[in-house]
Amino acid sequence: MATAARSSFWRRLEKPGTVAAMIVAVSLLHYSTAMHVHEAHGIYRRLYYFPIILAAFRYGARGGLVAAFTTCAFYAPHAFGLIGFDPAFTLEKSLEMVLYFAVGLVSGVLVDREHATLQQLRRTLEDRDRMAGELVRSERLAAVGRLSAGLAHEIRNPLASISGASEVLGDDFPAGHPKAGLVAILRDESRRLNDVLTRFLAFARGAPGPATPFDLADEAGAVAELARQRDAGATVVFSGAVGRLPLALGNREQVRQALLNLALNGLAAAGPGGRVELAVLADDEGGLVCRVTDSGPGFSDEAAANFGTPFFSTTAGGTGLGLATSLRLIEDLGGTLTLDRNASGGCVVLRLPAATRTPQS
């Protein structure tokens with residue numbers, strides 16, 4: 001409390017009005033003191049240094065020089081006999097005024113250098129914190145990669161047996177048999193799961209899929225349609241000019257996987273009766289953006305701080321791997337996945353660079 005009080009005192013003391021009042025007060029002392037009181041005039045001349053130094057501390061070299069100029073403007077009429085008279089030698093008074101400028105300039109330059117050093121130090125600390133955050137996130141994503149590789153390996157072996165068994169069962173239940181459809185589902189889903197595992201392995205190796213131009217609005221619309229089939233009791237809305245926006249550059253399948261994960265997270269956050277919107281638009285930087293917004297409670301401070309962290313989830317039974325995987329996929333494609341905490345509800349913004357090709361009109 002004492003430190004805060006002292007800081008407040010110095011801030012008030014360094015205000016322009018206070019500095020000007022000090023200069024005026026010292027000048028009045030000069031004007032009202034008799035000429036024969038040599039010692040008093042000598043003290044008053046030295047008192048001018050205080051407002052000059054205070055102005056330099058507060059405003060740097062410019063403030064110190066302005067205070068020195070103001071001091072000379074007030075003191076000169078008295079020094080040279082226009083208003084009263086300072087009995088000191090003319091050379092002494094002239095050199096004193098030169099020193100006012102020298103003290104104001106030197107003090108201000110030193111203060112400016114200190115401010116520049118502090119700003120550089122602040123930027124350095126910010127860069128350090130940013131790099132530390134990126135390092136932590138890289139380590140987390142690396143852990144996800146290792147886990148994904150292990151899971152994919154463990155699941156792929158029994159999956160191969162299931163897929164082989166479905167092929168054999170297909171021979172026993174030809175087309176038209178009541179159970180032929182179930183066998184087809186088993187076979188198709190086994191293949192689909194194998195494709196997912198293949199993508200997991202590619203993610204674990206840090207190898208993004210081939211990037212090609214594609215219509216992000218078209219993909220977002222397809223994801224919105226898939227999300228509607230989940231029957232989660234929430235309304236899913238898509239907005240975007242399909243075929244009218246610039247093409248995005250990325251891997252279509254990986255982007256769809258990321259968007260579907262974001263849409264499903266939005267459905268879980270919105271709950272029954274809620275609303276999820278996928279909106280695609282071009283941004284000011286020449287890229288393409290898809291905003292996935294839900295009507296849920298939004299991201300808490302803890303959730304925002306752990307955005308993309310493996311195994312952190314606000315959903316009961318969730319692992320947090322879906323969002324971490326999406327973040328890795330989009331960043332590998334040269335895009336970004338960020339939060340917009342100013343939006344109503346929860347909002348995740350997916351951004352991809354634009355391709356050089358434009359859609360045909």
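Can you find even one residue in the range 286-294 that is of a type in the set (A, V, I, L, M) and surrounded by fewer than 18 Cβ atoms within 10 Å (Cβ to Cβ)? Break it down into steps so the answer makes sense when it comes.
So in the range 286-294, the residues of a type in the set (A, V, I, L, M) come out as 288-289, 292.
Narrowing the set further to residues that are surrounded by fewer than 18 Cβ atoms within 10 Å (Cβ to Cβ) leaves none.
No, the range 286-294 has no match at all.
Here is a check on your reading of the model: is residue 279 at pLDDT below 90 and among the small types (Gly, Ala, Ser)? Explain how you work it out, then say what you get.
Numbers: at pLDDT below 90: no; among the small types (Gly, Ala, Ser): yes.
Taking the combined requirement at face value, the residue does not satisfy it.
What tally of residues in the range 34-84 results from selecting those that are in a loop (DSSP other than H, G, I, E, B) and closer than 15 Å to residue 96 by Cβ? Break it down stepwise before answering.
Filtering the range 34-84 for residues in a loop (DSSP other than H, G, I, E, B) gives 34-37, 48, 80-84.
Narrowing further to those that are closer than 15 Å to residue 96 by Cβ: 48, 80.
Adding up the residues that qualify gives 2.
Condition (residue is of a type in the set (D, E, K, R), modelled with pLDDT of 70 or more, in the same structural domain as residue 276 (by TED's automatic domain parsing) and under 16 Å from residue 136 (Cβ atoms)) applied to the range 325-343: is it met by at least one residue? Walk me through how you get there before you give the answer.
The initial filter retains those residues of the range 325-343 that are of a type in the set (D, E, K, R), namely 328, 331-332, 340-341.
Among the residues that remain, those that are also modelled with pLDDT of 70 or more are: 328, 331-332, 340-341.
Still in the running and in the same structural domain as residue 276 (by TED's automatic domain parsing): 328, 331-332, 340-341.
Next, from what is left, pick out any that are under 16 Å from residue 136 (Cβ atoms): 328, 331.
Scanning the range 325-343 turns up at least one residue that is of a type in the set (D, E, K, R), modelled with pLDDT of 70 or more, in the same structural domain as residue 276 (by TED's automatic domain parsing) and under 16 Å from residue 136 (Cβ atoms).
Looking at the range 220-241, which of its residues are under 30 Å from the mean Cα position of the chain (by Cα) and at pLDDT below 85?
240, 241
The values are calculated or read from the model by the stated rules, or taken from the named source; none is laboratory data. The shown structure was predicted, so the numbers you read here are calculated from the model rather than taken from an experiment. Positions of Cβ are generated from backbone atoms using ideal geometry, with glycine treated the same way; all protein chains shown enter the neighbour counts.
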